Ligand code: ADP
Ligand code: MG
């Protein structure tokens, strides 16, 4: 026999940080380590079953997959043993010594030193195997990969502080044995009754038996029989059971197993479909967005099973991108067992299942919106900005998605997005045939925009949009309940419907009276604007700029610029308010040079209000100073 060598390895930096948090955070809910370890064991048997589809020698004549838990009271240890896929030496180093999750750096940035907040975050991050160190001051793992020689097993050991050791060892059977050396204060998990209670809680939804060793004793505590392995969970995959038999708690626990989330889901939908397509889906809406939802490498998708056999994680083909927050699984009887990601890509069954899952989620959301507005707001706050990608991505469901959107509006003095398009339509004025909206950089900018003045005066509600995605959304959302959308910063905004005869007459009169002022302004601004005209829609503001109907709007241009794309220059139409004292002053100015200063100032102000910046600030300042100096 070769000499035994023990190697010491350092955990990678991220793993060290997580472990530190783990050991030093005061989890009120310590027992979750069992969920994580049972969950890993169950994943390992899933993987074995999948691999064995193409090579059944991997079963090594042991086809009854299961997890076993046992305690040694004297040694103070709890052992979790599975006969799943096991790990090779390299896999042990990769899986138990490093953190290979996308967005880990972003995750650490979000930690705040506020214990309770950080605990929540760690939960979302998914603590997994390292949660062993919540209750153990030393953890040993003995594992052998299915199909490998018994001499190729590995013993991994660590106290969770900085480093772990690894050495070669023999293991007769395949799979993994995790032994936890419990801290003194956590010896409750050695107690048979307590252990069973926790295991049952965390394993009833798992498809394989979870067994504990039972000792039969007589009244005096003498053994009456051999120890026996006793199955203590239902050992049937939850989605196969009938809905009426499954408790909310079981659904919630299964969600945590599947999503690595610590928080209960907001909502779920479990469906069995037979007939032309034969499948079961179990879809969850989380109650918290993952910290990396907007990361480019954020993984999404469903767990895919074919005829109960686990095939892959993150099968993104079944869920569109704008629903990437959905967790869950699909179990199909129509796909082949050897299906690969490539095969899924252009498969008819995939397409049908994807459409069905999409519909399910949208229906689930619609029901929630109609039945529990408060809960829907929780969803909207977390995932609204993702759902807003929907109308662009999914034309066929555009109408359904539109009715799920929520916005702020001038109807309530609040940046919170609570107003549906249906709410808006129900409040529309008799003469009104369009849905008015305004996009801006922030809620504050939208709320105080001069474009709103006439709407306020006439009591017409305007939807206020201030998220980046909104401009993009509005270029795909063209109408709702056959009402067209109208951006109020566009030149084609026509409010003549709301005018009475007197107002109409007044408008026509002013247009005439200001003809020459408009001409002089045009002459001064030349190519810098698309057009100049008078407007009576303003009250406190002397002038604004608007864009032509089909021209690109300000926010879209900003969006393109921010994403590094070339945006065509936005040409504005300059509108002046003849009733404003500054415009009156300007119109009375005979000196063409001074008139030019006035135009410069009013145009500059309008551009500032619209874009938040000026093309040529010094030109603007010179004009202001000259006019001020003139007194
Ligand atoms: P996750 O389960 O989210 O991947 P964990 O920290 O729980 O993260 O586990 C890390 C990895 O270690 C797993 O992905 C798996 O590859 C491996 N692993 C953990 N436990 C086992 C086990 N019992 N059998 C085989 N592999 C395991
Ligand atoms: Mg895990």
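Considering the range 373-396 alone, what residues qualify as being surrounded by 14 or more Cβ atoms within 10 Å (Cβ to Cβ), more than 17 Å from residue 321 (Cα to Cα) and more than 16 Å from the chain's Cα centre (by Cα)? Selection gives 375 alone. When restricted to residues that are more than 12 Å from ligand 1 (Cβ to nearest atom) and either within 17 Å of residue 60 (Cβ to Cβ) or touching a strand residue (DSSP E or B) at 6+ places or on another chain (Cβ under 6 Å) (or both), the range 138-166 contains 17. For the range 480-507, a residue qualifies if it is more than 22 Å from residue 575 (Cα to Cα), out of contact with any helix residue (DSSP H, G or I) (no Cβ under 8 Å at 6 or more places or on another chain) and in contact (Cβ under 8 Å) with a residue 40 or more places away in the chain, and exactly one does: 484.
Please tell me if residue 92 is modelled with pLDDT of 80 or more, touching a helix residue (DSSP H, G or I) at 6+ places or on another chain (Cβ under 8 Å) and either within 13 Å of ligand 1 (Cβ to nearest atom) or over 23 Å from residue 173 (Cα atoms) (or both). Criteria not met by residue 92.
Scanning the range 214-236 for residues that are in contact (Cβ under 8 Å) with a residue 24 or more places away in the chain and touching a helix residue (DSSP H, G or I) at 6+ places or on another chain (Cβ under 9 Å) yields 232, 233, 234, 235. Output the residue which, of all residues in the range 201-217 that are within 16 Å of ligand 2 (Cβ to nearest atom) and in a helix (DSSP H, G or I), is surrounded by the fewest Cβ atoms within 10 Å (Cβ to Cβ). The extreme case among them is 202.
Restricting attention to the range 148-162, does a residue exist that is under 37 Å from the mean Cα position of the chain (by Cα) and farther than 18 Å from residue 9 by Cβ? No, that holds for no residue.
Filtering 30, 51, 8 for residues that are closer than 30 Å to residue 308 by Cα and either touching a strand residue (DSSP E or B) at 6+ places or on another chain (Cβ under 9 Å) or more than 9 Å from ligand 1 (Cβ to nearest atom) (or both) leaves a single hit, 51.
Residues that are assigned to a loop (DSSP other than H, G, I, E, B) and touching a helix residue (DSSP H, G or I) at 6+ places or on another chain (Cβ under 7 Å) within the range 279-294 comprise 286, 287, 288, 289, 290, 291, 292, 293, listed in sequence order.
Pairing each residue of the range 79-99 that is within 18 Å of residue 69 (Cβ to Cβ) with any residue that is part of a helix (DSSP H, G or I) and more than 15 Å from ligand 2 (Cβ to nearest atom), provided the two are 6+ apart or on different chains, yields C-beta distances under 6 Å for 84/48. Among helices (runs of 4 or more DSSP H) entirely within the range 97-180, having at least 1 residues that are modelled with pLDDT of 95 or more and surrounded by 20 or more Cβ atoms within 10 Å (Cβ to Cβ) singles out no element at all.
Screening residue 269 against (1) touching a residue at least 60 places away in the same chain (Cβ under 8 Å); (2) within 14 Å of the chain's Cα centre (by Cα); (3) in a strand (DSSP E or B) leaves a single unmet condition, (2). Considering the range 561-588, and only residues there that are surrounded by fewer than 18 Cβ atoms within 10 Å (Cβ to Cβ) and modelled with pLDDT of 90 or more, the residue that is farthest from residue 452 (Cα to Cα) turns out to be 588. Is it the case that some residue within the range 336-343 is at pLDDT below 95, more than 17 Å from the chain's Cα centre (by Cα) and surrounded by 15 or more Cβ atoms within 10 Å (Cβ to Cβ)? Yes - at least one qualifying residue is present in the range 336-343. The criterion of at least 1 residues that are touching a strand residue (DSSP E or B) at 6+ places or on another chain (Cβ under 6 Å) is met, among helices (runs of 4 or more DSSP H) falling completely within the range 354-414, by 398-404.
Got at least one residue in the range 77-88 being at pLDDT 95 or above and away from ligand 1 (no atom under 16 Å from the Cβ)?
yes
Among the residues of the range 6-34, those identified as within 16 Å of ligand 2 (Cβ to nearest atom) and at pLDDT 90 or above are 33, 34.
Within the range 187-206, the residues that satisfy the criterion of being modelled with pLDDT of 90 or more and within 19 Å of residue 40 (Cβ to Cβ) are 189, 195, 198, 199. Scanning the range 327-352 for residues that are part of a helix (DSSP H, G or I) and touching a helix residue (DSSP H, G or I) at 6+ places or on another chain (Cβ under 9 Å) yields a total of 6. When the range 181-200 is filtered for residues that are assigned to a strand (DSSP E or B) and either closer than 17 Å to residue 59 by Cα or out of contact with any helix residue (DSSP H, G or I) (no Cβ under 8 Å at 6 or more places or on another chain) (or both), only 181 remains. Selection of the range 72-89 for residues being crowded, with 20+ Cβ neighbours inside 10 Å, touching a helix residue (DSSP H, G or I) at 6+ places or on another chain (Cβ under 6 Å) and not in a strand (DSSP E or B) yields 84, 85.
Out of curiosity, is residue 335 without any contact (Cβ under 8 Å) to a residue 60 or more places away in the chain and either touching a strand residue (DSSP E or B) at 6+ places or on another chain (Cβ under 7 Å) or farther than 30 Å from residue 71 by Cα (or both)? Considered against the rule, which asks whether it is without any contact (Cβ under 8 Å) to a residue 60 or more places away in the chain and either touching a strand residue (DSSP E or B) at 6+ places or on another chain (Cβ under 7 Å) or farther than 30 Å from residue 71 by Cα (or both), residue 335 comes out as yes. If I filter the range 150-163 for residues that are in contact (Cβ under 8 Å) with a residue 60 or more places away in the chain, away from ligand 2 (no atom under 16 Å from the Cβ), farther than 19 Å from residue 16 by Cβ and touching a helix residue (DSSP H, G or I) at 6+ places or on another chain (Cβ under 7 Å), do I get at least one hit? Looking through the range 150-163, at least one residue is in contact (Cβ under 8 Å) with a residue 60 or more places away in the chain, away from ligand 2 (no atom under 16 Å from the Cβ), farther than 19 Å from residue 16 by Cβ and touching a helix residue (DSSP H, G or I) at 6+ places or on another chain (Cβ under 7 Å).
This table checks each residue for (1) at pLDDT 90 or above; (2) within 13 Å of ligand 1 (Cβ to nearest atom); (3) in a loop (DSSP other than H, G, I, E, B).
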{"position": "1", "(1), (2), (3)": "no, no, yes"}
{"position": "36", "(1), (2), (3)": "no, yes, no"}
{"position": "46", "(1), (2), (3)": "yes, yes, no"}
{"position": "69", "(1), (2), (3)": "yes, yes, no"}
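From the list 283, 343, 302, the lone residue that is closer than 26 Å to residue 48 by Cα and without any contact (Cβ under 8 Å) to a residue 12 or more places away in the chain is 343. Hey, can you tell me all the residues within the range 302-325 that are assigned to a loop (DSSP other than H, G, I, E, B) and crowded, with 21+ Cβ neighbours inside 10 Å? Of everything in the range 302-325, those that are assigned to a loop (DSSP other than H, G, I, E, B) and crowded, with 21+ Cβ neighbours inside 10 Å turn out to be 319, 325. Between 69, 65, the distinction of being under 24 Å from residue 181 (Cβ atoms), surrounded by 14 or more Cβ atoms within 10 Å (Cβ to Cβ) and over 27 Å from the mean Cα position of the chain (by Cα) belongs to 69 only.
Among residues of the range 397-409 being in contact with a helix residue (DSSP H, G or I) (Cβ under 8 Å, 6 or more places away or on another chain) and surrounded by fewer than 19 Cβ atoms within 10 Å (Cβ to Cβ), the one that is nearest to residue 474 (Cα to Cα) is 398.
The values are calculated or read from the model by the stated rules, or taken from the named source; none is laboratory data. These figures come from a predicted structure and were not determined experimentally. In this analysis, Cβ positions are derived from the backbone assuming ideal geometry, glycine residues included, and neighbour counts consider all displayed protein chains.
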